[in-house]
Structures are given as C-alpha cells and as structure tokens.
Amino acid sequence: MPDVRAIDYAGSERLTMNMGPQHPSAHGVFRAILTLEGETVVGVDAVIGYLHRCHEKLAENLAYVQYPTIASKTDYVAAMSSELAYVMAAEQIAKVEVPKRAQYLRVLVGELQRIASHCLWLGTWCMDMGGALGGGATIFLYCIRERELVLDLFEALVGARLLYGFHQVGGVRYDLPEGWTDLCRRTIDLIDSRVDEYEHMLADNPFFDMRTKGVGVISRELAQDVGISGPLLRGSGVDFDLRRAYPYSSYEDFEFRVPVETAGDCYARYHVRMVEFRQSARIVRQVLDGLPEGPISSRPGVKSLAQVKVPKGEAYARVEGPRGEVGCYLVADGSNKPYRMKWRGASFSNLSVLPHILVGASVADVVAIMGSVDPVFGEVDR
Amino acid sequence: MTPERARELLATVAGVTVAATPPAPIVAQVLTEHWLDAARYAKATLGCTYFSFLTAIDWKADGLEIVVWVDNLDAKLSVQLRTRLGAGQTTCASIVPVYRGANWMERECFDMFGVQFVGHPDPRRILLADDWQGHPLLKSYAVDTPHPPYR
C-alpha cells in the first residue's frame with residue numbers, strides 16, 4: 001500500500017494507464033498506454049497488431065481468383081470496398097474491361113456498404129460517449145437495427161451478411177435477384193428518414209456538443225502529413241474524395257456532394273459522415289434508376305485457379321471506402337498469383353494520427369476521439 | 001503544378017531518374033543516398049504534402065526496394081519515389097522528418113522486411129510481437145516457418 005501522504009495531490013505526479021487491449025471503446029483489440037498527469041494525457045504509446053494475420057503474405061500465396069473473398073476480411077465492416085480495391089488493381093494491370101452493368105453494381109454495393117458502416121460507427125460512438133446522451137444504448141440499438149436492413153439486402157444478393165466475395169476480376173459474381181430493387185428503394189427511404197431522427201436526437205444536445213466540439217482537433221497540415229483519409233480528412237478542411245478526384249467504376253456518372261468541414265474536431269467528422277449518409281442514399285437511387293442491361297462480368301465464372309493470369313506489371317488501385325482511402329498496391333509477375341501485394345488500410349493511417357492529437361486531451365476525450373476516428377482493427381492489423 | 005512540369009523538375013534533382021512511360025503516377029527512381037533529399041523535394045517543391053503509403057518489395061537476389069507514394073491533392077499529382085537498397089543491404093534513411101505518416105509505415109516495413117530506417121524516432125516492431133524471429137514478407141521466409149507459441 002502506498003502511503004497516502006506521499007501522493008502529490010497537486011497533480012504533477014505521472015500515472016501510467018493501460019487502456020485496452022480489451023477496452024469496450026477500442027472497437028476491437030487496441031492497447032493505448034497513456035501517461036497521465038491528473039486527468040490529462042501527456043504521452044501515448046499505441047500498441048496494435050493483435051489481429052495481425054499477414055494478409056500480404058497470404059495474398060502472395062493465393063491465386064487472383066481466391067484472394068478477393070479473403071480481402072473482405074481486412075476491413076470486415078466494409079468488406080465490399082477492400083474486395084473492390086484488390087480486383088481493380090488486378091484489372092488495371094491486366095487491362096480487363098468491366099461491363100457497365102458490373103460497374104454500376106459495384107457502385108451500388110459500395111454505397112450501401114458505406115451506409116451500413118456509418119450506421120455501425122454512429123451507434124458505437126454514441127454508446128462510447130454513453131450516458132451523456134440520455135441513455136447511450138438508444139442510438140446504438142437504432143443504428144444496428146438499420147444496419148441489419150442493409151445486411152438483409154446483401155444477404156439477398158450474395159448469400160452472406162458480412163464477408164461477401166461479390167467482386168471478381170472482370171466484374172461481379174451475382175446479379176440482382178427479382179424484387180431486389182424495390183426492396184432496396186424501400187430500405188433506403190426508410191434509412192434516410194431515420195438518419196433525420198438521429199440528427200434530431202443529437203442536435204442541440206448540450207452534452208453531445210460538449211463532448212465533440214473542439215475535441216480532438218486535427219489540423220489541415222497534420223491531416224495531410226500523416227495521410228489520414230475519408231471523413232477525417234474532409235473534416236479537417238481538405239476537399240478530397242477519390243470518387244470525385246479519380247473517378248473509378250463509373251462514379252463520374254452520378255451526382256453527389258462531397259461534404260467538407262474546416263473545424264477538424266469530432267463534431268466536424270460527425271457532420272461529414274451524416275451528410276455522407278444522405279449522399280450515399282442519393283447515389284444508390286441514381287444507380288437503381290440508371291442501371292444498364294447487359295453482362296455482369298467480362299470473364300466467365302471461376303472454374304480453376306489458373307483461370308486469371310495477370311501479366312507482369314504494377315498498379316495501385318485506390319477506392320474511397322467508408323473510412324477513407326483503401327489502397328491495393330499490386331506487383332504482378334505474370335503468374336496466377338501476385339508477386340507482392342500491399343494493403344494501404346484506411347484505418348491504419350487514420351489511427352496513426354492518434355498519438356499526435358491525444359496529448360493534452362482528458363481521458364474521457366480519448367474515448368470520444370477514438371470513436372470519431374472509426375478504426376476497424378481488422379484493417380489496422382491486416 | 002502540372003504533371004509535365006513536375007516530371008521536368010524531378011529530373012533535375014540529384015540522384016533521381018524519372019521513368020518515361022506511364023502518365024500517372026510519376027515514377028522517380030532515387031539513389032539511396034539521396035532518398036531523404038528527394039522526399040524533401042517532393043514535399044516542398046512539388047507540393048506533395050499528402051503521404052499515402054510506404055512499403056518494400058523483395059526482389060530476391062536483387063535486394064529490397066522501398067516504394068513511397070505521395071500526392072499533391074490540389075493539383076491531382078501522384079508521385080512514386082522508389083529506391084533500390086542493393087543486394088544484402090537493409091539500411092535506408094528514414095523520411096519521418098519529412099512525412100510524419102511514415103512513422104508507422106516504416107515500423108511496419110522493418111517488422112515485415114527487416115529494413116533499418118536510420119533516423120527513425122521509434123524503431124520497434126509494430127504488428128508482430130517484440131520477440132518474433134525473422135521478417136515474414138521476405139521471400140526467403142517460408143509460409144510454414146515455425147514461430148514461438150502464442151501468448
């Protein structure tokens with residue numbers, strides 16, 4: 001037992017606190033070793049790697065027809081975007097044409113995935129900030145309910161709810177089943193109206209404002225230097241969205257607004273994602289309205305491992321996932337397996353900003369900031 | 001800053017050879033001793049302030065190659081900097097003083113390839129355990145290499 005009289009109550013004494021690896025607000029297994037002075041964080045050591053499966057070594061040992069399904073396990077909350085990055089990289093090297101209908105279907109699932117992923121982010125983040133929001137689990141349960149609806153759509157389309165294997169080199173593997181578009185429209189309309197409800201619940205809530213405004217500010221300069229992307233980058237005043245800057249998969253056909261906020265705090269990131277909910281719904285409707293007829297893949301279904309061979313070359317395919325730039329850097333040697341594959345995980349880069357912004361924050365803010373970064377540890381550790 | 005102008009400028013930098021063919025990205029092959037200077041040049045002069053990723057490729061007998069991708073988001077300019085460390089060589093200058101985002105990426109690169117980044121502020125393993133033997137993404141590291149038991 002330490003002598004209580006020896007404790008310096010003035011607060012200059014330093015305390016080391018382990019947050020994680022099994023902390024509920026870590027959204028996975030993440031350990032932050034915080035050095036505290038009173039309630040204030042003065043040092044951060046982020047420990048990651050608990051979920052590491054060496055996807056990059058796996059990819060070197062799996063054929064191009066095998067890996068897309070495994071790719072979905074990097075970011076398991078937004079499996080569609082990582083699959084897409086991988087097949088796009090292979091298509092770029094092999095110069096494979098993708099039929100228009102397949103491109104539209106890729107956009108469709110990508111945007112539905114964004115809605116599902118943002119639902120999970122909003123719910124878990126609000127639960128992290130807990131009782132201050134008047135019963136923290138309320139929004140969490142609502143959001144999970146809405147996310148289930150999107151997962152139902154995916155289940156009807158692919159047969160799986162979380163890890164899909166929807167994309168293949170040359171197109172997609174499944175076409176829309178009968179009645180799916182009507183179901184999709186109804187779901188999107190419903191979620192659109194529910195997002196309004198959430199905003200009403202959070203708008204003008206003084207606790208929510210206190211926990212988010214001016215908390216965890218990322219400057220424009222730091223944002224670019226560290227290479228954060230997606231809603232974090234746009235929340236820090238950088239007007240950059242891969243869907244518009246480097247349109248892939250026919251994104252140039254659709255109208256949507258890219259929200260940008262300049263404050264760089266948790267509230268800015270929240271606001272960007274809330275706008276993205278609506279914009280994704282808008283894109284989904286445009287896809288359903290303009291879906292062209294035709295084949296869904298320029299290549300036949302997978303029959304053998306040697307079916308897809310990619311000539312010697314390199315490509316870097318980048319996709320705007322829900323968390324930002326999901327990049328797949330592929331080096332091909334002409335065989336049916338990549339020579340080298342590098343995942344540029346959006347969550348990895350986004351999380352690496354934490355040591356820069358946590359210093360000076362209070363312990364309670366650490367939770368709010370971590371939630372606003374929205375890391376998925378499958379993608380951080382790969 | 002247009003891609004053409006950036007290509008011309010880069011070609012004048014000491015130790016840099018710009019690859020001729022593809023329009024995007026601009027691929028610059030850099031001599032290892034000029035690595036940090038080339039990164040500084042890309043950031044300061046070409047305006048590539050956005051750090052995307054850093055990784056390595058194991059070319060077996062030809063040694064390791066470091067690849068860095070940076071962007072100038074306003075001009076939509078992508079620059080790929082590459083350097084060959086040479087057969088058997090594992091040291092390279094750290095670019096963390098230029099891009100803070102390289103911190104974790106270089107740690108990962110050390111973890112997976114054993115590249116020693118000179119000047120890195122925190123050169124530890126990042127994804128694997130501290131007592132892990134070897135560097136898994138090297139081609140010489142077999143998939144079924146035995147490893148210490150999980151703790």
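The values are calculated or read from the model by the stated rules, or taken from the named source; none is laboratory data. On a predicted model such as this, the values are computed, not experimentally measured, just so you know. Quick reminder, even Gly has a Cβ in these numbers, built from the backbone with ideal geometry, and neighbours come from all protein chains shown.
Report yes if some residue within region A:51-64 is touching a residue at least 40 places away in the same chain (Cβ under 8 Å), over 23 Å from A:ASP381 (Cβ atoms) and in a strand (DSSP E or B); otherwise report no. Scanning region A:51-64, I find no residue that is touching a residue at least 40 places away in the same chain (Cβ under 8 Å), over 23 Å from A:ASP381 (Cβ atoms) and in a strand (DSSP E or B), so the answer is no.
Of the residues making up region A:1-20, those that are outside any helix (DSSP H, G or I) and modelled with pLDDT under 80 are A:MET1, A:PRO2, A:ASP3, A:ILE7, A:ASP8, A:TYR9, A:ALA10, A:GLY11, A:SER12, A:GLU13, A:GLY20. The one condition from (1) within 11 Å of chain A (Cβ to nearest Cβ); (2) touching a strand residue (DSSP E or B) at 6+ places or on another chain (Cβ under 8 Å) that B:ARG107 does not meet is (2).
Restricting region A:281-314 to residues that are closer than 16 Å to A:TRP180 by Cβ and β-branched (Val, Ile, Thr) leaves a set whose member that is surrounded by the most Cβ atoms within 10 Å (Cβ to Cβ) is A:VAL284. Against the test of being among the basic types (Lys, Arg) and over 19 Å from the mean Cα position of the chain (by Cα), the options A:ARG173, A:ARG147, A:ARG114 yield a single qualifying residue, A:ARG173.
Taking region A:191-211 as the range and being touching a residue at least 24 places away in the same chain (Cβ under 8 Å), surrounded by fewer than 20 Cβ atoms within 10 Å (Cβ to Cβ) and not hydrophobic (A, V, I, L, M, F, W, C) as the test, the residues that pass are A:ASP192, A:ARG194, A:GLU197, A:GLU199, A:ASN205, A:ASP209. Scanning region B:60-79 for residues that are farther than 18 Å from B:GLU108 by Cα and either free of Cβ contacts under 8 Å to residues at least 12 places away in the same chain or buried (at least 21 other Cβ atoms within 10 Å of the Cβ) (or both) yields B:ASP71, B:LYS76, B:LEU77, B:SER78, B:VAL79. Taking the criterion of being in a loop (DSSP other than H, G, I, E, B), within 14 Å of chain A (Cβ to nearest Cβ) and either surrounded by 15 or more Cβ atoms within 10 Å (Cβ to Cβ) or without any contact (Cβ under 8 Å) to a residue 24 or more places away in the chain (or both), the residues of region B:1-31 that qualify are B:ALA19, B:THR21, B:PRO22, B:PRO23, B:PRO25. Taken together, the residues in region B:110-136 that are at pLDDT below 90, closer than 20 Å to A:GLU56 by Cα and touching a strand residue (DSSP E or B) at 6+ places or on another chain (Cβ under 8 Å) amount to 0.
Where helices (runs of 4 or more DSSP H) fall entirely within region A:260-361, those with at least 1 residues that are within 20 Å of the chain's Cα centre (by Cα) and within 19 Å of A:ARG244 (Cα to Cα) are at A:266-290, A:346-351.
Summed over region A:108-151, residues that are in contact with a Gly (Cβ under 7 Å, 6 or more places away or on another chain) and free of Cβ contacts under 8 Å to residues at least 24 places away in the same chain total 4. Scanning region A:323-340 for residues being under 17 Å from A:VAL380 (Cβ atoms) and within 12 Å of chain B (Cβ to nearest Cβ) gives a total of 5. Taking the listed residues A:ARG185, A:ARG194, A:ARG145, A:ARG114, the one that is touching a Pro at 6+ places or on another chain (Cβ under 8 Å) and in a helix (DSSP H, G or I) is A:ARG114, with no other qualifying.
Inside region A:70-107, residues that are out of contact with any Gly (no Cβ under 6 Å at 6 or more places or on another chain), of a type in the set (S, T, N, Q) and in a helix (DSSP H, G or I) make up a count of 3.
When the residues of region B:34-51 are narrowed to those that are in a helix (DSSP H, G or I) and without any contact (Cβ under 8 Å) to a residue 60 or more places away in the chain, which ends up farthest from the other protein chains (Cβ to nearest Cβ)? Looking at residues that are in a helix (DSSP H, G or I) and without any contact (Cβ under 8 Å) to a residue 60 or more places away in the chain, I get B:HIS34. List the number of the failed condition for B:LEU85; all other conditions in (1) at the interface with another protein chain (Cβ under 10 Å from one of its Cβ atoms); (2) in contact (Cβ under 8 Å) with a residue 12 or more places away in the chain; (3) surrounded by fewer than 23 Cβ atoms within 10 Å (Cβ to Cβ) hold. Of (1) at the interface with another protein chain (Cβ under 10 Å from one of its Cβ atoms); (2) in contact (Cβ under 8 Å) with a residue 12 or more places away in the chain; (3) surrounded by fewer than 23 Cβ atoms within 10 Å (Cβ to Cβ), only one is false for B:LEU85: (1).
Restricting to region A:224-281, what's the tally of residues that are touching a residue at least 24 places away in the same chain (Cβ under 8 Å) and of a type in the set (D, E, K, R)? Total satisfying the criteria: 11. Among residues belonging to region A:196-248 that are among the β-branched types (Val, Ile, Thr) and within 14 Å of chain B (Cβ to nearest Cβ), point out the one that is farthest from A:ASN350 (Cα to Cα). Selected residue: A:VAL238.
Evaluate region A:177-190: report whether one residue or more is surrounded by fewer than 20 Cβ atoms within 10 Å (Cβ to Cβ), of a type in the set (Gly, Ala, Ser) and within 14 Å of chain B (Cβ to nearest Cβ). No, that holds for no residue. When region A:33-50 is limited to residues that are touching a residue at least 40 places away in the same chain (Cβ under 8 Å) and away from chain B (no Cβ under 14 Å), the one that is surrounded by the fewest Cβ atoms within 10 Å (Cβ to Cβ) turns out to be A:GLU39.
Residue by residue, here is whether (1) β-branched (Val, Ile, Thr); (2) at the interface with another protein chain (Cβ under 8 Å from one of its Cβ atoms) holds:
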| position | (1), (2) |
| --- | --- |
| B:PHE53 | no, yes |
| B:ALA75 | no, no |
| B:SER94 | no, no |
| B:VAL118 | yes, no |
| B:ARG124 | no, no |
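Scanning region B:18-76 for residues that are closer than 30 Å to B:TYR141 by Cα, at pLDDT below 90 and among the hydroxyl-bearing types (Ser, Thr, Tyr) returns a single hit, B:THR32.
Scoring A:HIS55 on the criteria (1) closer than 23 Å to B:ALA129 by Cβ; (2) away from every other protein chain (no Cβ under 14 Å); (3) crowded, with 20+ Cβ neighbours inside 10 Å leaves a single failure, condition (2).
Listed conditions (1) under 24 Å from A:PHE377 (Cβ atoms); (2) touching a residue at least 12 places away in the same chain (Cβ under 8 Å); (3) part of a loop (DSSP other than H, G, I, E, B) are all met by B:LYS139, apart from (1).
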